[in-house]
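Each remark here refers to the structure printed beneath this line.
The values are calculated or read from the model by the stated rules, or taken from the named source; none is laboratory data. What you see is a predicted model; the values in this text were computed from it and never measured. For neighbour counting, all protein chains shown are included, and Cβ atoms are generated from backbone atoms with ideal geometry for every residue, glycine included.
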Amino acid sequence: MSAAEPGAGGCRTGTPAGGPDDGEAAPAGPRRIEGEGGALAVAALRAHGVDTLFTLSGGHIFSVLHAAAGAGMRIVDVRHEQTAVFAAEGYARLGRRPAVALLTAGPGVTNGISGLATAQANGAPVVVLAGRAALKRRGTGALQEFDHLPLVTPVTKDARTVTRTDAIPGELRTLTATAATPHRGPVFLDIPLDVMHRRAGATLRPPLAAGPPAPDPDEIAKAAELLAAARRPVLVAGGDVWWGGAWEALRRCAESLRVPTFANGQGRGCLPARHELAFSRCRDALKEADVVVVAGTPLDFRLSFGRFGNARVVHAVDHPALRATHVPTAAAPAGDLRRVLDGMAAWSGPRADHEEWTRRLRDRERALRAAERPELEHAGEPIHPARVLGELIARLDHDAVVIADGGDFASYAGRLLDSHLPGHWLDPGPFGCLGNGIGYAIAARLLHPDRQVVLLLGDGAFGFSAGDVDTLVRHRLPVVMVVGNNGVWGLEKHPMRALYGADVAADLRPGSRYDQVVQALGGAGETVTDPRRIAPALRRAFASGVPYLVNVLTDPEVAYRRSAKLG
């Protein structure tokens, strides 16, 4: 019996003989399909270009899993639903397209909530498709019976329960478009068990358009005039520059108006680190600037809530709803960021000379980079966390994908590592949820099988998702993991000491052998206590071809110097 026959859980379509098969693009017009609810869901997702499901199996989603396997979709099964959602988020963020996490009912959904909240904070178009207890058993105490919608609604753009089998494709069509339309974000659909297992016919329609709105030309001109006329301008590029495919427009804007440019979050690499107008160390320039243009990121705690000294602020966003309202803005173009940045680049009016300002910042940037060398080359023991990154920098390829999951150690990585290409850096984002790293690494390895994928973990962060090393091993996804193991919750221990003179609940077990955990799960690794042994360990990790963890015991007394304001 073929996978397309009803008895195999497949979905019959109206595609004529010799037409495109299930692995090719959907036809331009509507077509009739028939099958179980799970098969209708799979057909709808594939019509939107979804090629991978991140999941943890459960009885409420058997129909979808069976149909997906029959249709040849890639199924990545994990050890915790949080990892499934993080992997889908990473796949969406790196691939700039919707991605799907398939969760079973009840605890399957509740386990995924932190991932959903993170996707919301990062504007990631994650579609969470979930099972649900049968409609006919509502209120009777069915297994894992739970009303998911009140829980997921606050962390999604839209959340629904479908009650008719033939409505499944239409609901997924609408929700996928909602997820992908700026400003993007996660969506949720659950399918009750009896709805899932009924057979029905339905019409599969082409995907809905999901592009950004057109920006107001007058707002673009106002922003360009402010930036061009400024004496000390600064441009900040956030993650939506990457999402909007606007990195070349960013370069044209920076070069045309000669503006020093900084990156925030996933905006890293949108202007390569070695570009003459790319800066990262001298961020105090934002306090000295007279005009700051922030493109594609909120004015949140990472950017001092938009309070940059006496600077006039321009906030360029991909949707009007994202315009900052807690600080006054001098201009706020909203819409397609490519058009916004290219419109600013095309400014032909008067402009000030920014070269002296840029030269001053370049001199400061060089001096600050030189001041990092003692930490990057620190020879003492216990190992300074910056020394770990200094050794890594020397061994990273230009196109390496780097993921940061943690507190202090991840913060060092964010400060010291440079990004040379767009879409090659992932961190937790403003929600600050730890445990995302292995999910993001799964996504990165699937999308970039020929590149270095490096996951930088705090020892605390590793504990959130250590079991999913098993997922890396089972799916043959080699990732180099580097743990900065200082045996404490550094992000809490040092600030608490500073505030109260003592710390509470901020210690982990010193010297834990996380490498042995990875070995027990089928990977490889080693512990490093001597700074001279970091480089050989990294060489072995990159050459291993398996999930490999380098467990570096770092100095717990080294505190990362923080500048972000939490309140």
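Computed quantities for the displayed model
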item	result
Selected residue (criterion: surrounded by the most Cβ atoms within 10 Å (Cβ to Cβ)) from residues of segment 303-313 that are within 16 Å of ALA331 (Cα to Cα) and of a type outside the set (A, V, I, L, M)	PHE308
Top-ranked residue in segment 508-542 [being of a type in the set (Asp, Glu) and within 18 Å of LEU457 (Cβ to Cβ); ranked as nearest to the chain's Cα centre (by Cα)]	ASP515
Single residue of ALA229, ALA278, ALA249 found to be among the aliphatic types (A, V, I, L, M) and surrounded by fewer than 23 Cβ atoms within 10 Å (Cβ to Cβ)	ALA229
First in segment 143-154 and in the same structural domain as ALA101 (by TED's automatic domain parsing), second anywhere and acidic (Asp, Glu) and outside any helix (DSSP H, G or I), Cβ under 6 Å, 6 or more apart	HIS148/ASP190
Single match in ARG132, ARG173 (criterion: among the charged types (D, E, K, R) and under 29 Å from ASP318 (Cα atoms))	ARG173
Criterion violated by HIS398 - all others in (1) within 30 Å of the chain's Cα centre (by Cα); (2) more than 24 Å from PRO260 (Cβ to Cβ) satisfied	(2)
Lone qualifier among ALA209, ALA101 - being small (Gly, Ala, Ser) and not assigned by TED's automatic domain parsing to the domain that holds VAL42	ALA209
Yes/no for PRO107 being within 20 Å of the chain's Cα centre (by Cα), at pLDDT 95 or above and under 23 Å from VAL195 (Cβ atoms)	no
Residue tally, condition touching a Pro at 6+ places or on another chain (Cβ under 9 Å), of a type in the set (D, E, K, R) and within 19 Å of GLY38 (Cβ to Cβ), over segment 134-166	2
Residue match in segment 461-477 (condition: acidic (Asp, Glu) and either touching a Phe, Trp or Tyr at 6+ places or on another chain (Cβ under 7 Å) or not in a helix (DSSP H, G or I) (or both))	no
Out of LEU53, LEU129, sole residue that is over 18 Å from the mean Cα position of the chain (by Cα) and either crowded, with 21+ Cβ neighbours inside 10 Å or not polar (S, T, N, Q) (or both)	LEU129
Filter result for ALA321 (under 24 Å from the mean Cα position of the chain (by Cα), touching a residue at least 60 places away in the same chain (Cβ under 8 Å), closer than 21 Å to ALA180 by Cβ and in a helix (DSSP H, G or I))	yes
Pick from segment 261-310, criterion among the basic types (Lys, Arg) and more than 22 Å from the chain's Cα centre (by Cα), ranking: farthest from HIS326 (Cα to Cα)	ARG274
Count of segment 59-91 residues which are within 23 Å of ALA179 (Cα to Cα), buried (at least 24 other Cβ atoms within 10 Å of the Cβ) and either without any contact (Cβ under 8 Å) to a residue 40 or more places away in the chain or not aliphatic (A, V, I, L, M) (or both)	8
Check on GLU381, of a type outside the set (A, V, I, L, M, F, W, C), surrounded by fewer than 17 Cβ atoms within 10 Å (Cβ to Cβ) and more than 20 Å from the chain's Cα centre (by Cα)	yes
Residue match in segment 185-196 (condition: surrounded by fewer than 22 Cβ atoms within 10 Å (Cβ to Cβ) and farther than 30 Å from ALA413 by Cα)	yes
Evaluation of ALA541 against (1) more than 16 Å from PRO382 (Cα to Cα); (2) outside the structural domain of VAL488 (by TED's automatic domain parsing) (one fails), failing number	(2)
Elements of type helices (runs of 4 or more DSSP H) contained in segment 482-567, each with 2 or more residues being farther than 25 Å from ILE393 by Cα	490-500, 514-520
Failed criterion for GLU255 (all others in (1) outside any helix (DSSP H, G or I); (2) more than 14 Å from LEU337 (Cβ to Cβ); (3) at pLDDT 95 or above hold)	(1)
Matching residues, segment 10-46, being modelled with pLDDT under 95 and of a type in the set (A, V, I, L, M)	ALA17, ALA25, ALA26, ALA28, ILE33
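Results for (1) crowded, with 22+ Cβ neighbours inside 10 Å; (2) at pLDDT below 95, shown as yes or no for each residue.
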| residue | (1), (2) |
| --- | --- |
| PHE301 | no, yes |
| HIS315 | yes, no |
| ASP318 | yes, no |
| ARG323 | no, no |
| THR329 | no, no |
| GLY335 | yes, no |
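Yes or no, residue by residue, for (1) surrounded by 16 or more Cβ atoms within 10 Å (Cβ to Cβ); (2) at pLDDT 95 or above; (3) over 30 Å from ARG231 (Cα atoms):
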| residue | (1), (2), (3) |
| --- | --- |
| VAL388 | yes, yes, yes |
| ILE393 | no, yes, yes |
| VAL402 | yes, yes, yes |
| ASP405 | yes, yes, yes |
| SER419 | yes, yes, no |
